[in-house]
Structures are given as C-alpha cells and as structure tokens.
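Before any comments, here is the structure.
The values are calculated or read from the model by the stated rules, or taken from the named source; none is laboratory data. Model, not experiment: these values are computed from the prediction. In this analysis, Cβ positions are derived from the backbone assuming ideal geometry, glycine residues included, and neighbour counts consider all displayed protein chains. Keep in mind that these areas ignore ligands, DNA and RNA; they rest on the heavy atoms of the full protein, side chains included. Shrake-Rupley method; radii C 1.70, N 1.55, O 1.52, S 1.80 Å.
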Amino acid sequence: MPSSAGTLTRTLPPPPVSVDGPLALFLDMDGVLAALAPTPEAVVADARRTAVLKALDLALKGRMAVISGRTIAEIDRISGGAAPSASGVHGLERRRRDGSLDRAEASARVPEALAAFRDLAAAHPGMIVEDKGVSAGLHYRQAPDAAEAAEALARRLAATTGLDLQPGHMVLELKTPGADKGRALAAFMAEAPFTGATPVMVGDDLTDEAGFRAAERLGGFGVLVGPGRETAARHGLADVRAVLDWLDAIAEAHA
C-alpha cells in the first residue's frame, strides 16, 4: 500500500518477511531493537537481541546494518557485537563490514553546545548531557518539566552555532552538519554486500524519516515502530517485541 505524509501506524500493514530479490535491512537501536529507558546507559545487551542479530546477519549474508543516533561503541555494547556494519551519531560515523571506519570531523562549535547544555542541566536535576564528540545531546526524560527550556536553548544554539538540531524522544541533539540516517543508508547501499538489494529501514523516531525516504528512493520501504504519526514509512510494527519476532521470521525464511 503506498503511503504519503500523514499515514498513521494503525493503518499501516505489517512488513513482509521477504521481497523480490535480496533484502537489505537497516535497523535503528532505541525503540526498535531495544526498549526506551530512562537513561542511555540503562539500555544493556540482551541475549535474545544478540542472537537474533547474529542469525539475521548470517541469513542475509551480511546485508544488515544498525543505523542509530548512538555512537558505534554504544551500538556494539548494546548489540553484543552482533552488527559488523554500523552507523552511529545519525550517520556522522560509519563502519563498513570490513571494519574500516568513516568519521566526520567534529564542528568546532560542539564544545559550546555542550557547555550550554551542562549549564542548563545543572539547574534541572535529572537532565543528562551526552558528549558524542561530533555532537552534544541533552536528555530530559527525567526532567520533563524542563522540556520548554531545553527546546528554547537548543533552537537558540542551532541558530548561533550552525549545528544541526536533531530532536528525538525526550532528547535534543546538536550535531555537526552534513549527515543523516538516509545518507548513511545510501552509502551502505553503494557498497558490497548491500549493492543490488532492496533496502528496508526500520525506525521509530523523527530521525529515522530520512532513512525511510532513502529506502523508498532506492526501491525499498520504511517500517515505523510504535505509535502513529506522520511518516514516510509504508509498513508498521507495534513495538520492540514485534520487531524481534519479525526479524526472527526473516532469519528463518532466508536461512
């Protein structure tokens, strides 16, 4: 079923287990492979997740990558090292299957954003500032009353520093410009073993919309996980458990 902006998850059909020709899967981490947690470090490795990813990588002959807002080091920690191909910090770093790494040079304005976020966090207990080198993140899941102040600061910093503002689930990130999940997906698709496959991007957040659109442009589709919203995805899954069950079925079908 074709989609357009405004399509909601409740109207989206579940994704197929197979497509015509080879399949390439691109998976977000938080909210897709792992349930959201109060703090970034509270998400830990899980035996089932690791087993599913290893089976999937084998069944798809390496045509699987995790594309996340987390760093590649965090992807490895949470996946149990089961994602040889990975892109972190919304595409600002990317590891090919052979282990070679591309990483953007950090904007000189990232420290300014970090300092401003830390000043705000000092006044709002529960806020967490995350330094990813190429970006600065401000998590306010544990300080929801400070959402308006956090958003105002992030918008102001984006305007004055030239950093890209990337909102997420109760997190605001100011990142070095020049990358997104869609560009990361396209870069993987231009290389072996992904070349010639049908790309499928699975995500839950606004940051994943660029990946959905890139997959669509390259002959594939997006899968939105979680509550309904405007999306470029053509298919939907309810939650992390539904994602893992679907991935299990893909691994079995392609084994």
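Suppose we filter 158, 233, 186 for residues that are without any contact (Cβ under 8 Å) to a residue 40 or more places away in the chain, of a type outside the set (Lys, Arg) and farther than 29 Å from residue 98 by Cβ; which single one remains?
Only one candidate passes the filter, namely 158.
Yes or no, residue by residue, for (1) outside any loop (DSSP other than H, G, I, E, B); (2) modelled with pLDDT of 95 or more; (3) of a type in the set (Gly, Ala, Ser); (4) farther than 21 Å from residue 36 by Cα:
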| site | (1), (2), (3), (4) |
| --- | --- |
| 172 | yes, yes, no, no |
| 177 | no, yes, no, yes |
| 185 | yes, yes, no, yes |
| 216 | yes, yes, no, yes |
| 228 | no, no, yes, no |
| 236 | yes, yes, yes, no |
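Could you list all residues from the stretch 144-154 that are closer than 22 Å to residue 68 by Cα and open to solvent by 20 Å² or more (accessible area, probe 1.4 Å)?
151
Kindly indicate the residue of the stretch 27-51 that is part of a helix (DSSP H, G or I) and without any contact (Cβ under 8 Å) to a residue 40 or more places away in the chain and also surrounded by the fewest Cβ atoms within 10 Å (Cβ to Cβ) among those meeting that condition. Give the derivation first.
Initial filter on the stretch 27-51 (part of a helix (DSSP H, G or I)): 40-42, 47-51.
Imposing the further condition that a residue be without any contact (Cβ under 8 Å) to a residue 40 or more places away in the chain reduces the set to 41-42, 47, 50-51.
Numbers: 41: 12, 42: 10, 47: 8, 50: 17, 51: 15.
The qualifying residue surrounded by the fewest Cβ atoms within 10 Å (Cβ to Cβ) is 47.
Scan the stretch 101-123 for residues that are surrounded by fewer than 19 Cβ atoms within 10 Å (Cβ to Cβ) and within 24 Å of residue 30 (Cα to Cα) and report the count.
Quick first cut of the stretch 101-123, residues surrounded by fewer than 19 Cβ atoms within 10 Å (Cβ to Cβ) only: 101-106, 108-109, 111-112, 115, 118-119, 122-123.
Okay, now just the ones that are also within 24 Å of residue 30 (Cα to Cα), so 101-104, 106, 118.
Matching residues across the stretch 101-123 total 6.
Residues being part of a strand (DSSP E or B) and farther than 18 Å from residue 179 by Cβ: count how many of those fall in the stretch 64-121.
Residues in the stretch 64-121 being part of a strand (DSSP E or B) and farther than 18 Å from residue 179 by Cβ: 1 in total.
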